[in-house]
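As structure tokens, the structure follows; a few thoughts come after it.
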Amino acid sequence: MSNPYQDDRGNKDASVTNPKPSGGFKAAPGTGHPEHNADAFLIGDNMTGGYGKGADILHSCTIAVNKGEIAVIVGPNGAGKSTGMKAVFGMLNLREGSVRLDGEDITSLTPQDRVAKGMGFVPQTSNIFTSMTVEENLEMGAFLRRDDISETMEQVYTLFPILKDKRRQAAGELSGGQRQQVAVGRALMTQPKVLMLDEPTAGVSPIVMDELFDRIIEVARTGISILMVEQNARQALEIADKGYVLVQGRNAYTDTGRALLEDPDVRKSFLGG
Amino acid sequence: MDLLNALVALLNFVIVPATAYGAQLALGALGVTLIYGILRFSNFAHGDTMAFGTMVTILFTWWFQSMGISFGPLPTALLALPFGILGCMALVLVTDRMVYRFYREQKAKPVILVIVSMGVMFVMNGLVRFIIGPDDQRFGDGERFIISARDFKAMTGLREGLAIKTSQGLTVVVAVIAVALLFWFLNRTRTGKSMRAYSDNEDLALLSGINPERVVMYTWLIVAALATVAGTLYGLDKSFKPFVYFQLLLPIFAAAIVGGLGNPLGAIAGGFVIAFSEVTITYAWKKIARYLLPDHLDPDGLVQLLSTDYKFAVSFVILLIVLLFRPTGLFKGKSV
Amino acid sequence: MNETVKNTGLFALVGTLIVLTGVLQGWNAALTILNMGLISAIMAIGVNLQWGFAGLFNVGVMGFVALGGLGAVLVSMDPVNDAWAAGGMGIVLALLLGAATVVAAVMAHRKLPAGRARGLIVAAILVGGFFAYRAVFDPAVQSVEAVNPALEGYLGGLGLPVLLAWPAGGLLAAGAAWLIGKTALGLRSDYLAIATLGIAEIIIAVLKNEDWLARGVKNVIGLPRPVPYEIDLQNDPGFVTRAAELGFDPVTASTLYVKTGYALLFLAVLLLVLTMAQLALRSPWGRMMRAIRDNEVAARAMGKDVTRRHLQIFVLGSAVCGIAGAMMTTLDSQLTPGTYNPLRFTFLVWVMVIVGGSGNNFGAVLGGMLIWFLWVQVEPLGALLMDVITLPMADDSPLKAHLIDSVAHMRLLTMGVVMLLMLRFSPRGLIPEK
């Protein structure tokens, strides 16, 4: 039976309940038996698990990224790309496998604790505070920091100059591409060691997409590892140091981005020939 | 001269009382809207939270009075107010710890919290009646008037007097200070911004490292302060009776919804909209009509659109009209 | 322990509590509790239909209960012919005028093209209509209220048997519920809670102020009864002998007889309502209701008119509350608008539903009876408790006096604590939904 506290009987009474979704994060329970099969700066090692008590979505899936590199997860719809990334970030119940950051086992940490450890996450949707100004969005990104954040903010503005002009505007009023810049900027404000992006180019125009990819490369050059899920597999693999092709929650192909682009099987199945 | 007299009568019977009442409703509605924005449910216990805070203030007022402490021309209750706020803060924090927190951990749906708040309402209501009793309590002292009707007449030579009660002046001043502080807090401080962020997008706030329990705690503290201030001002202006405070829930909810639930600016606007419509529609306009109309057109009746007992009906109709034309309230209901 | 045994045990517990009351406090008290308990159970079924089966949040139960009470007055009291002669027609005319104004305004709003002109015309119709209505209404009301104000001063009712008033009360509540539901459920999002909260207060305000309707706060007293009067029984030699044979004195016997009569009537209605509710919910209609509740999106996708279904069940549930209200007014033999209080008539019913078990009609009945028993008995129990607590205090201690005086307020506190404990530790209620 479902949790009686979560049974609202279909009530949608706007005069007494706020329809805005409340947070869905729970502490990841951890798997209790760490595995160690490979090494990388950030690695989701042999992960098996699913949402809550539901069926497994990931099956012995491994995703890793090295310092200053860009790793991209691609694959067909429903392959578990976003799920794999969420598993690394602790939003999934893993039954097997481990997640390690810089050698430290973080499998049982909550997403918030992972942020504190130096992981930045940009969700695919609802990734900005729409009612707050651009500058406030960035400030909130740096909420955990007690030191002077003006330098980091200046770096973000250098990276995304348009945000500096719009810094007093509500983020919700910006265009799709600008919103994504705010979202990435917010995540950078924590000065993360790893930046995780869930389909950062979803719904933006091709020009904006190229622009965003350029910025992402720039970020990687500063030494931040990037792990990203992408629909636009070809363009993403072109900038990737490492590519993971997932199929039904399993690693189908893993190689450098270039090698995958040239792999005839991958081309045929996933890149449209 | 007649025009001036009519204007003074309008000020005296409509504008001054409605402004004071509107400020009280606005402070109440701000509390409801903050809870709605951050804890995501409408708190049925808000009226009783106001009653509790006011009760503590009254008890301290009586204690001060018995020791001979007074605040000169201002009501002693103003000195007791900080203690009332502290008492109310303690109550809501204990309630949150003992009741609401469990449901947050369970990720309970907001409507379950609404029902829980009904239980809290019963308990607080019982508690207040148990401690201070169900009867009317008056606790105002100091100067009763800033300007009394007699002084005003003597000063201006008009037939109509304008009386401004100390409690009314105080209400407006205190409300302005409280609202200014609140907005400064929400827009300028790190904690206040984190509350707005949490209300806007809970998941993203967590990803930014904002601690939800701290946000919730600050929210309750602010709500307790607002509720106590609103309750004490209302009590000074009228009188304190637990049941009346419970019934204030309807105009307060109406104000918060008219303004757009979750929007503090809307709550303030909603409070004044509701207060002004209640007072204008239930006021007997005979006096003013007599000044303005030629003698032979003098009305026989009271020229009262609705009897005072229908003031709830007024808030309700305003609410319906606003919702029909602007489903999210006057100010779009969004984040805190 | 299987479910049937547990549920029977729970009902037996309530029965035992009432029997115990009979033994310890007298059968009169026990029957009084039983009667209001039965009525509360019906109210709880009404709210359970709305909340338990459709997730509708009705916080205006008090209004529907009061409308049921008004129904009882309007059906069972004799018409006051003088008042009708004095201004009855004027009031009827005024009400028609008022209705016509609203209809005209709505029509104008629908037919005219949108724009400033439409707004002005609608406003003009409303304002003009309001003044015309008041011009007819006010003098008529004054003349009606002037007719024998000490005893009458209102239009009276239809003079029909009081049992008819129960369905009539239900109908009245249903009518009001339809209006509210149509408005509040028809808005872009659902605003039922605030709408019901407001309308309940308005209904009570109307009952308190419109003296021509039901004498306002002067109360209508002496409603006809469906059962004999005690005094008639006491004067009936046959009844007195039979009472003596059973070992009762005639006065006690007559009150017990009357209360048992009520209890049987109420029980019959409760069983009828319960059966109908159960049958309805097992029918395809009921299954659809629950399907909508559990997954509204899917139900909509299958072409179900969700708003219409919600409106139906809201009207039905409110009608059940109205019936209970009419029964209560009949039991009291009087309508006293001043005594309606949302804590007692709205939120207490919610406690009953939550404690009994949302979504289960038997749970609602159990919750209604049990919570009503507690509501009545908390006071004597509280007094007992306070006596024990204050035993060591000096007799002239002000704290002792205060504590003993405050026992009356233990009720609300207890109800709140019961509700919170239930919500926390047994959120499905005593008899959970299957």
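Where a number appears in this text, it was derived from the coordinates with a stated rule and is not lab data. Keep in mind that this is a model prediction, so the values were computed, not measured. With ideal geometry, Cβ positions are generated from the backbone for all residues, glycine too; neighbour counts draw on all protein chains shown.
As an exercise, use a Förster radius of 30 Å and the Cβ-Cβ distance of A:Q235 and A:A170 to find the FRET efficiency, rounded to the nearest 0.05.
On the way: r = 31 Å, r/R0 = 1.02.
It comes out at approximately 0.45.
What full-extension length gain, to one decimal in nm, is calculated for C:S426 and C:L95 as 0.36 nm per residue of separation minus the Cα-Cα distance? Please report the intermediate quantities before stating the final value.
Values: separation 331, 0.36 × 331 = 119.16 nm, distance 4.92 nm.
Computed gain between C:S426 and C:L95 is 114.2 nm.
Scale the Cα Rg of chain A by the rule-of-thumb value 2.2 N^0.38 Å and send over the ratio, two decimals.
Details: Rg = 19.0 Å, N = 273, 2.2 N^0.38 = 18.5 Å.
Normalised Rg, Cα atoms only: 1.02.
So which DSSP H runs in chain A come out at 30 Å plus along the axis (Cα) with average Kyte-Doolittle of at least 1.0? Working shown, then result.
Values: long enough: none.
Flagged H segments: there are none.
Along Cα→Cβ, 7 Å out, is where each label goes; now give me the distance between the ones at B:L3 and C:L246 in nm to one decimal.
8.2
Rounded to whole Å, give me the distance from the Cα center of the stretch B:1-56 to that of the stretch C:324-354.
Going from one Cα centre to the other spans 30 Å.
Could you grab the relative contact order for chain B? Cα pairs under 8 Å, six or more apart, rounded to a whole percent. Don't skip to the end; give the middle numbers.
Working: 558 pairs, mean separation 107.5, N = 336.
So the answer I get is 32 percent.
DSSP loop (so not H, G, I, E, B), at most 14 other Cβ within 10 Å: list which trypsin sites (Lys or Arg not before Pro) in the stretch B:147-239 pass both filters. Write down the numbers at each step before the final one.
Details: sites: B:R150, B:K153, B:R159, B:K165, B:R188, B:R190, B:K193, B:R196, B:R214, B:K238; in loops: B:R159, B:K238.
Those satisfying the criteria are B:R159.
For chain C, what class follows from the C-alpha gyration tensor (a ≥ b ≥ c being the square roots of its eigenvalues): rounded when a/c is under 1.5, otherwise prolate if a/b is larger than b/c, else oblate? Working shown, then result.
Values: a/c = 1.75, a/b = 1.26, b/c = 1.39.
Oblate, since a/c reaches 1.5 and b/c is not below a/b.
Using Cα pairs closer than 8 Å and at least 6 residues apart in sequence, work out the relative contact order for chain A, in percent.
Numbers: 523 pairs, mean separation 64.4, N = 273.
Relative contact order of chain A: 24 percent.
Tell me which residues come under 5 Å, amide H to amide H, from B:F145 once H is placed; ignore anything under 5 positions away on its chain.
B:T166
With viscosity set to 1.306 mPa s at 10 °C, what whole-number translational diffusion coefficient in µm²/s follows for the protein assembly as shown from Stokes-Einstein and a Kirkwood radius over Cα pairs? Can you show the working numbers first?
On the way: Rh = 32.5 Å.
The diffusion coefficient I find is 49 µm²/s.
Modelled label-to-label distance, C:L272 and B:W62, 7 Å Cα→beta-carbon offset: nm?
Placing both labels 7 Å beyond Cα along the Cβ direction yields 5.2 nm.
Count, for each residue of A:31-40, the Cβ atoms from other chains sitting within 10 Å of its Cβ, then give me the mean as a whole number.
Working: counts 0, 0, 0, 0, 0, 0, 0, 0, 0, 0.
What the average comes to for A:31-40 is 0.
Extending each Cα 7 Å along its Cβ direction at B:A149 and C:N28, get the distance between those two points in nm, one decimal.
Modelled inter-label distance: 5.2 nm.
As I understand it, the value is the acute angle between the Cα axis of helix B:16-38 and the longest principal axis of the Cα atoms of chain B; what does it come to in degrees, rounded to 10?
10
What is the ratio of the Cα radius of gyration of the stretch C:80-155 to 2.2 N^0.38 Å, where N is its residue count, to two decimals?
On the way: Rg = 16.4 Å, N = 76, 2.2 N^0.38 = 11.4 Å.
After normalising by residue count via 2.2 N^0.38 Å, the value is 1.44.
Please identify which residues in the stretch B:200-240 have an amide N closer than 19 Å to a label point set 7 Å out from the Cα of B:V176, following the Cα→Cβ vector.
B:229-230, B:233-234, B:237, by backbone N distance to the label point.
For C:A85 and B:T280, what is the calculated FRET efficiency with R₀ set at 25 Å and r taken between the beta-carbons, to the nearest 0.05? All intermediate terms of the calculation are to be shown ahead of the outcome.
On the way: r = 37 Å, r/R0 = 1.49.
My answer for the efficiency is 0.10.
Need the full-extension length gain, B:F183 to B:L86, defined as separation in residues times 0.36 nm minus the C-alpha distance. One decimal, nm.
On the way: separation 97, 0.36 × 97 = 34.92 nm, distance 2.07 nm.
Extra length available between B:F183 and B:L86 comes to 32.8 nm.
Excluding residues fewer than 8 places away in the same chain, name every one of the aspartates and glutamates whose C-alpha is closer than 13 Å to that of A:K20.
Filter leaves B:D200, B:E202, B:D203.
Note down the magnitude of the dipole of the protein assembly as shown about its Cα centre, charges +1 on Lys and Arg C-beta and -1 on Asp and Glu C-beta and zero elsewhere, to the nearest 20 debye. Numbers along the way, then the final one.
Numbers: 84 positive and 80 negative charges, 282 e Å.
Here the protein assembly as shown has a charge dipole of around 1360 debye.
On a straight-distance basis, which aspartates and glutamates could pair with B:K238 in a cross-link, Cα separation under 20 angstrom, same-chain partners fewer than 8 positions away excluded?
Those aspartates and glutamates meeting the cut-off are B:D48, B:D135, B:D136, B:D141, B:E143, B:E278, B:D309.
Please compute, for the alpha-carbon atoms of chain B, the extent along each of the three principal axes and give them in descending order in Å.
The Cα atoms of chain B stretch 71, 55, 37 Å along the principal axes, largest first.
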